[in-house]
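A.B. asks: For reference, the structure I am asking about is given below.
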Amino acid sequence: MDPENVAAAQQGDALALDRLLDELAPYVRRLCARIVPAAADDATQESLLAIFRGLPSLRAPEAIITWVRSVTVRTAIRLARQHDLEVAAEGTLLGRHASSLEGLVDIDDALARLPVSQRVVLALRTREGPSEQEIATTLGIPAGTVKSRLHRARAAFREVWES
């Protein structure tokens, strides 16, 4: 990301904003798809809207990716929790009501079967690559909590994958 383009977008340059959102959209979509696969389109749209609204308050244009990750992850977590509650209310949440996890096809499917808190840390750590401290900062939780969630997530993922 070009910090000058970010600064121009912050100051109301419509073309700069359009270029910035076009650049960010694939990254935001990828993050959302990993955290809330069943509602990735909605999460992407809401995340981009939150980025648009919050962009003027970004203090350091060079930190745009870290800030976008944080906004996107928070938005996707909120939607994932809503989605999981809706699915659980319908009685079809896999991994909680199913007696068997037959038909597991790929990694994304296995990841989607994890609880949101575990899915987020595992997706961020293994696919995005930030440190545990960076994940802790993004999620607003202690680094020790990230480590324990990551440990539980890896164990749960292994269990789902092998079943």
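The values are calculated or read from the model by the stated rules, or taken from the named source; none is laboratory data. Source: prediction; values computed, not measured. Counting neighbours? That spans all protein chains shown, and the Cβs are built from the backbone with ideal geometry, glycine included.
A.B. asks: Sort through 60, 98 and tell me the only one that's farther than 21 Å from residue 126 by Cα, at pLDDT below 95 and exposed (fewer than 12 other Cβ atoms within 10 Å of the Cβ).
C.D. replies: 60
A.B. asks: Also, I was wondering about something else. For residue 78, are the conditions met, namely being out of contact with any strand residue (DSSP E or B) (no Cβ under 9 Å at 6 or more places or on another chain) and modelled with pLDDT of 80 or more?
C.D. replies: On the way: out of contact with any strand residue (DSSP E or B) (no Cβ under 9 Å at 6 or more places or on another chain): yes; modelled with pLDDT of 80 or more: yes.
Against the criterion (out of contact with any strand residue (DSSP E or B) (no Cβ under 9 Å at 6 or more places or on another chain) and modelled with pLDDT of 80 or more), residue 78 qualifies.
A.B. asks: For a quick check of your reading: which helices (runs of 4 or more DSSP H) sit entirely within the range 1-70 and have at least 2 residues that are of a type in the set (Lys, Arg) and out of contact with any His (no Cβ under 9 Å at 6 or more places or on another chain)?
C.D. replies: Qualifying helices (runs of 4 or more DSSP H): 14-35.
A.B. asks: All but one of (1) part of a loop (DSSP other than H, G, I, E, B); (2) out of contact with any Leu (no Cβ under 7 Å at 6 or more places or on another chain); (3) surrounded by 14 or more Cβ atoms within 10 Å (Cβ to Cβ); (4) modelled with pLDDT under 90 hold for residue 130, so report the exception by its number.
C.D. replies: Condition (2) is where residue 130 drops out.
A.B. asks: Moving on. Restricting the search to the range 1-19, which residues are out of contact with any Leu (no Cβ under 8 Å at 6 or more places or on another chain) and within 18 Å of residue 45 (Cβ to Cβ)?
C.D. replies: Residue satisfying the conditions is 18 alone.
A.B. asks: In the range 135-163, how many residues are aliphatic (A, V, I, L, M) and either more than 18 Å from the chain's Cα centre (by Cα) or not in a helix (DSSP H, G or I) (or both)?
C.D. replies: Within the range 135-163, residues that are aliphatic (A, V, I, L, M) and either more than 18 Å from the chain's Cα centre (by Cα) or not in a helix (DSSP H, G or I) (or both) number 4.
A.B. asks: Turning to a different aspect of this structure: Tell me, please, whether a residue that is hydroxyl-bearing (Ser, Thr, Tyr) and closer than 24 Å to residue 117 by Cβ can be found in the range 26-40.
C.D. replies: yes
A.B. asks: Starting from the range 31-60, take each residue that is touching a residue at least 60 places away in the same chain (Cβ under 8 Å) and list its partners that are surrounded by fewer than 16 Cβ atoms within 10 Å (Cβ to Cβ) and of a type outside the set (S, T, N, Q), counting only C-beta distances under 7 angstrom and pairs at least six apart or across chains.
C.D. replies: Once the first residue is touching a residue at least 60 places away in the same chain (Cβ under 8 Å) and sits in the range 31-60, its partners that are surrounded by fewer than 16 Cβ atoms within 10 Å (Cβ to Cβ) and of a type outside the set (S, T, N, Q) give 34/127; 37/108.
A.B. asks: Going by what's in this entry, would residue 123 be described as of a type outside the set (Phe, Trp, Tyr), within 29 Å of residue 25 (Cβ to Cβ) and modelled with pLDDT under 90?
C.D. replies: Taking the combined requirement at face value, the residue satisfies it.
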